[in-house]
Ligand SMILES: Nc1nc2c(c(=O)[nH]1)N[C@H]1C(S)=C(S)[C@@H](COP(=O)(O)OP(=O)(O)OC[C@H]3O[C@@H](n4cnc5c(=O)[nH]c(N)nc54)[C@H](O)[C@@H]3O)O[C@H]1N2
Ligand SMILES: Nc1nc2c(c(=O)[nH]1)N[C@H]1C(S)=C(S)[C@@H](COP(=O)(O)OP(=O)(O)OC[C@H]3O[C@@H](n4cnc5c(=O)[nH]c(N)nc54)[C@H](O)[C@@H]3O)O[C@H]1N2
Ligand code: SF4
Ligand SMILES: [Mo]
């Protein structure tokens, strides 16, 4: 068939590029070469024709007049956003010229790439870019901001990012959404759960905030932040004590269950209730529902692992399904992430062999201190697929780092983001609908391919194209820099060590748009843990100085600020993406602070008041939403608001700690503490 790009009018298949587990198949309606409508692909087995509002309205973002049209160089102070148009040739020459000087003097490690998954395409986010920075010999970024702690915690128990097939969850009779705001962040899991519900399944949500997911549940259980591991240990206590465990499964497929049985004797419901704020009778009720219902499914969210004890939270929760033998039941078990099944050939894709000698690694969660304090100095920063001035922890420190006059910063984005405002050179990026790329979900089992549907916007270029240009300007002659997108997709899919990808080929994807990995149930079978079994007791953890059994470790109380502060994502943005697009901002209304009515009354705060939220690191002004959605002592905001949409006053990451979690160097966005007061109307 004629490629989509060459037909001005019609309906074309596409993929949602956003960092969202659902990774939907899309249909793009085009008229006269323009996108006029975006809808869900009814043929995609998981999407089933349904997509979120964010992406239904994505056309507004693609053609937003604020979109960057051409490269620019800075002409005002850093952060002021004053730029002047330059040509691509000038931009690339300026960057390569600067870097050649740096390499000759301070060395290539003085250059730091900073990126995340603004677009999940594997060729553009971990392909040509990696080849380039490997060859350059730049410092390497540890990409820890999202799920690093939980991924490591889950790996100790289960051997890697392997859970059940979400399509099987329609067979579950009990579904626990644990620390996931799925109505906003994983809507197709909600659709699947609805099917299960029609067949009699009960849905439980455990969260610190009764948001729309909590309101959708049959039973909402509010919990104090960072205490979930204690609740899970309390459930285990009751499961063992009341004989609700599956001894055959434990014997055959786990190690350490006798030690665990002893270990959880301490976690009596009264003790657990004191820690978690969950009433004793609810702990019993939950344990008995979990112990007596089969199949049961736990969707382990990202929220609770954004705490100091986040790795251990996931490690602990992920032990639960083994206790009742759920992994053998269709629809029973858990999903934290399923990325392991769709691993591509990263050696071929990223070419680590191009790195001549090992270079230092820098944790992205410490960007502020890395820019301000790290020696030898970082002298150049190249940002793509990310907006750390808004999305990174301790964001004021990040901005202070970006202000360094002698730091040579390049930002490649579709918009002049808050980060781009600090750049010396800004490069315009294509949207995913203008590119070729490969997409692998970290939740469902489908792989998809994206081929260009529309022409590049103005002078914008894809990540792959820009790194090709930079490679050429740097004089890198390796053939790796000449590979086309199609060739790179073939290299990525040719992965002899991943049996699940058998039959998932470029041709199959190009023809049918998506292909399902050949995933078999985990049990009966052997896991990739050292023992091949579920490790309730982990010697690997012991060797690394962690408690070998699941554990509850209280959060550190950093100071005497009275409230736990949970700055969670919202419904209509995706991290900071869409926070600068009018339609999405309108749908989201204003940045709120949810607080308990007792706390509000004590502080003289009523619904709709402007409130000041502050700690040692900074302050925000948000609008109070008062009620019973959160427990006393907890406040919750939603969304990463752009400076422009919130008058620069809702930078919630100004308040988040840049400590690292217990595992994986993860971020601890939700373990901060704050003061709250009614904002004096005179001072706002
Ligand atoms: N609409 C929308 N969708 C998104 C995103 C978005 O920004 N907006 N972001 C995408 C990305 S990158 C990711 S990683 C995922 C994240 O999506 P989720 O996995 O849903 O994770 P979060 O939304 O970070 O947090 C989930 C819930 O954890 C709760 N929580 C916080 N601390 C605790 C705790 O200690 N215990 C318990 N039980 N709950 C707690 C929060 O109140 C929140 O409701 O969503 C993706 N999808
Ligand atoms: N307070 C708080 N902070 C959080 C979180 C939270 O829950 N609370 N969640 C954290 C999590 S889970 C995550 S994953 C991070 C995400 O943080 P970031 O990765 O920084 O995500 P975004 O803020 O969405 O920024 C993505 C940027 O990539 C750009 N982009 C999109 N496509 C392309 C492309 O093809 N090429 C280039 N060059 N650019 C592109 C977009 O325009 C956008 O500006 O945020 C973290 N920050
Ligand atoms: S953001 Fe998520 S739910 Fe929305 S279209 Fe993309 S993949 Fe689907
Ligand atoms: Mo994330």
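The values are calculated or read from the model by the stated rules, or taken from the named source; none is laboratory data. Bear in mind that the values here come from a model prediction, so they are computed numbers and not experimental data. Positions of Cβ are generated from backbone atoms using ideal geometry, with glycine treated the same way; all protein chains shown enter the neighbour counts.
Looking only at the range 187-213, filter to residues that are within 16 Å of ligand 3 (Cβ to nearest atom) and within 12 Å of residue 171 (Cα to Cα); which one of those is surrounded by the fewest Cβ atoms within 10 Å (Cβ to Cβ)?
Going residue by residue through the range 187-213, those that are within 16 Å of ligand 3 (Cβ to nearest atom) are 187-194, 212-213.
The next check asks that each one be within 12 Å of residue 171 (Cα to Cα); those that pass are 192-194.
Working: 192: 26, 193: 24, 194: 13.
Among those that are within 16 Å of ligand 3 (Cβ to nearest atom) and within 12 Å of residue 171 (Cα to Cα), it is 194.
Looking only at the range 96-120, how many residues end up being more than 16 Å from ligand 4 (Cβ to nearest atom) and touching a residue at least 24 places away in the same chain (Cβ under 8 Å)? Explain how you work it out, then say what you get.
Just the residues of the range 96-120 that are more than 16 Å from ligand 4 (Cβ to nearest atom), to begin with: 96-113.
Restricting the remaining residues to those that are touching a residue at least 24 places away in the same chain (Cβ under 8 Å) gives 96, 98-100, 102-103, 106-113.
Of the residues in the range 96-120, 14 are more than 16 Å from ligand 4 (Cβ to nearest atom) and touching a residue at least 24 places away in the same chain (Cβ under 8 Å).
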What strands (runs of 3 or more DSSP E), lying completely within the range 389-442, carry at least 1 residues that are within 16 Å of ligand 3 (Cβ to nearest atom)? 437-440
Give the residue that is nearest to ligand 2 (Cβ to nearest atom), with candidates limited to residues of the range 299-309 that are buried (at least 24 other Cβ atoms within 10 Å of the Cβ) and farther than 20 Å from residue 20 by Cβ. 307
I'd like the full set of residues that are within 16 Å of ligand 2 (Cβ to nearest atom), under 24 Å from residue 6 (Cα atoms) and within 22 Å of the chain's Cα centre (by Cα), limited to the range 25-56. 26, 55
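Looking only at helices (runs of 4 or more DSSP H) that lie completely in the range 61-168, which have at least 2 residues being over 27 Å from the mean Cα position of the chain (by Cα) and either more than 16 Å from ligand 2 (Cβ to nearest atom) or surrounded by 23 or more Cβ atoms within 10 Å (Cβ to Cβ) (or both)?
Details: elements: 88-104, 122-126, 128-136, 148-158.
Where helices (runs of 4 or more DSSP H) fall fully within the range 61-168 and carry at least 2 residues being over 27 Å from the mean Cα position of the chain (by Cα) and either more than 16 Å from ligand 2 (Cβ to nearest atom) or surrounded by 23 or more Cβ atoms within 10 Å (Cβ to Cβ) (or both), they are 88-104, 128-136.
State whether one or more residues within the range 173-196 are without any contact (Cβ under 8 Å) to a residue 24 or more places away in the chain and either under 21 Å from residue 594 (Cβ atoms) or more than 17 Å from the chain's Cα centre (by Cα) (or both).
Taking every residue of the range 173-196 in turn, at least one turns out to be without any contact (Cβ under 8 Å) to a residue 24 or more places away in the chain and either under 21 Å from residue 594 (Cβ atoms) or more than 17 Å from the chain's Cα centre (by Cα) (or both).
Say we look at the range 458-467 and pick out the residues that are surrounded by 20 or more Cβ atoms within 10 Å (Cβ to Cβ) and part of a helix (DSSP H, G or I); which of these is nearest to ligand 3 (Cβ to nearest atom)? Before you say what the answer is, go through the steps one by one.
As a first pass, look at the range 458-467 and keep what is surrounded by 20 or more Cβ atoms within 10 Å (Cβ to Cβ): 460-464, 466-467.
Subsequent filtering for residues that are part of a helix (DSSP H, G or I) retains 463-464, 466-467.
Values: 463: 19, 464: 21, 466: 24, 467: 25 Å.
Of everything passing the filter in the range 458-467, 463 is nearest to ligand 3 (Cβ to nearest atom).
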Among the residues in the range 534-548, are any surrounded by 14 or more Cβ atoms within 10 Å (Cβ to Cβ), in contact with a strand residue (DSSP E or B) (Cβ under 9 Å, 6 or more places away or on another chain) and modelled with pLDDT under 95? no
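Is it the case that some residue within the range 59-78 is within 16 Å of ligand 4 (Cβ to nearest atom) and either touching a strand residue (DSSP E or B) at 6+ places or on another chain (Cβ under 9 Å) or modelled with pLDDT of 95 or more (or both)?
Taking the range 59-78 and keeping what is within 16 Å of ligand 4 (Cβ to nearest atom), we get none.
Looking for residues that are within 16 Å of ligand 4 (Cβ to nearest atom) and either touching a strand residue (DSSP E or B) at 6+ places or on another chain (Cβ under 9 Å) or modelled with pLDDT of 95 or more (or both), one finds none in the range 59-78, hence no.
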Could you go through the range 7-14 and let me know if any residue there is within 15 Å of ligand 2 (Cβ to nearest atom), buried (at least 20 other Cβ atoms within 10 Å of the Cβ), within 25 Å of residue 441 (Cβ to Cβ) and not assigned by TED's automatic domain parsing to the domain that holds residue 441. yes
Is it the case that residue 256 is over 21 Å from residue 164 (Cα atoms), surrounded by fewer than 22 Cβ atoms within 10 Å (Cβ to Cβ) and either in contact with a strand residue (DSSP E or B) (Cβ under 8 Å, 6 or more places away or on another chain) or touching a residue at least 60 places away in the same chain (Cβ under 8 Å) (or both)? yes
Would you check if residue 139 is farther than 20 Å from residue 298 by Cβ, in contact with a helix residue (DSSP H, G or I) (Cβ under 6 Å, 6 or more places away or on another chain) and at pLDDT 95 or above? yes
Count of residues meeting criterion [part of a loop (DSSP other than H, G, I, E, B) and within 15 Å of residue 152 (Cβ to Cβ)] in the range 525-547: 8
Scan the range 115-127 for residues that are away from ligand 1 (no atom under 16 Å from the Cβ) and within 27 Å of residue 399 (Cβ to Cβ) and jot them down. 124
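Here is a list: 312, 289. Which entry is in contact (Cβ under 8 Å) with a residue 24 or more places away in the chain, in contact with a helix residue (DSSP H, G or I) (Cβ under 9 Å, 6 or more places away or on another chain) and away from ligand 4 (no atom under 16 Å from the Cβ)? Give the derivation first.
On the way: 289 fails: in contact with a helix residue (DSSP H, G or I) (Cβ under 9 Å, 6 or more places away or on another chain).
Testing whether each residue is in contact (Cβ under 8 Å) with a residue 24 or more places away in the chain, in contact with a helix residue (DSSP H, G or I) (Cβ under 9 Å, 6 or more places away or on another chain) and away from ligand 4 (no atom under 16 Å from the Cβ) leaves just 312.
State all residues of the range 345-373 that are in a loop (DSSP other than H, G, I, E, B) and farther than 21 Å from residue 116 by Cα; if no residue qualifies, say none.
Within the range 345-373, the first condition is being in a loop (DSSP other than H, G, I, E, B), and the residues that meet it are 345, 351, 355-360.
Result: 356, 357, 358.
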Considering the range 468-482 alone, what residues qualify as being without any contact (Cβ under 8 Å) to a residue 60 or more places away in the chain and either in a loop (DSSP other than H, G, I, E, B) or in contact with a strand residue (DSSP E or B) (Cβ under 7 Å, 6 or more places away or on another chain) (or both)? 475, 477, 482
Counting only residues that are in contact (Cβ under 8 Å) with a residue 12 or more places away in the chain, out of contact with any strand residue (DSSP E or B) (no Cβ under 7 Å at 6 or more places or on another chain) and surrounded by 12 or more Cβ atoms within 10 Å (Cβ to Cβ), how many does the range 486-527 have? 18
Can you tell me how many residues in the range 328-339 are outside any loop (DSSP other than H, G, I, E, B), surrounded by 24 or more Cβ atoms within 10 Å (Cβ to Cβ) and more than 14 Å from ligand 1 (Cβ to nearest atom)? 1
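When you go through 201, 182 one by one, which is the residue that is within 27 Å of residue 49 (Cβ to Cβ), in contact with a strand residue (DSSP E or B) (Cβ under 7 Å, 6 or more places away or on another chain) and within 16 Å of ligand 2 (Cβ to nearest atom)? Outline the logic, then answer.
Values: 201 fails: within 16 Å of ligand 2 (Cβ to nearest atom).
Answer to the check: 182.
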Residues being assigned to a strand (DSSP E or B) and in contact (Cβ under 8 Å) with a residue 60 or more places away in the chain - total across the range 604-652: 14
Give just the number: which of (1) surrounded by fewer than 17 Cβ atoms within 10 Å (Cβ to Cβ); (2) touching a residue at least 24 places away in the same chain (Cβ under 8 Å); (3) out of contact with any strand residue (DSSP E or B) (no Cβ under 8 Å at 6 or more places or on another chain) does residue 589 not satisfy? (2)
If a residue must be within 16 Å of ligand 3 (Cβ to nearest atom) and without any contact (Cβ under 8 Å) to a residue 40 or more places away in the chain, how many such residues does the range 52-95 contain? 4
So for the range 566-573 (the condition being in contact with a strand residue (DSSP E or B) (Cβ under 6 Å, 6 or more places away or on another chain), within 16 Å of ligand 1 (Cβ to nearest atom), in a loop (DSSP other than H, G, I, E, B) and in contact (Cβ under 8 Å) with a residue 60 or more places away in the chain), does at least one residue qualify? yes
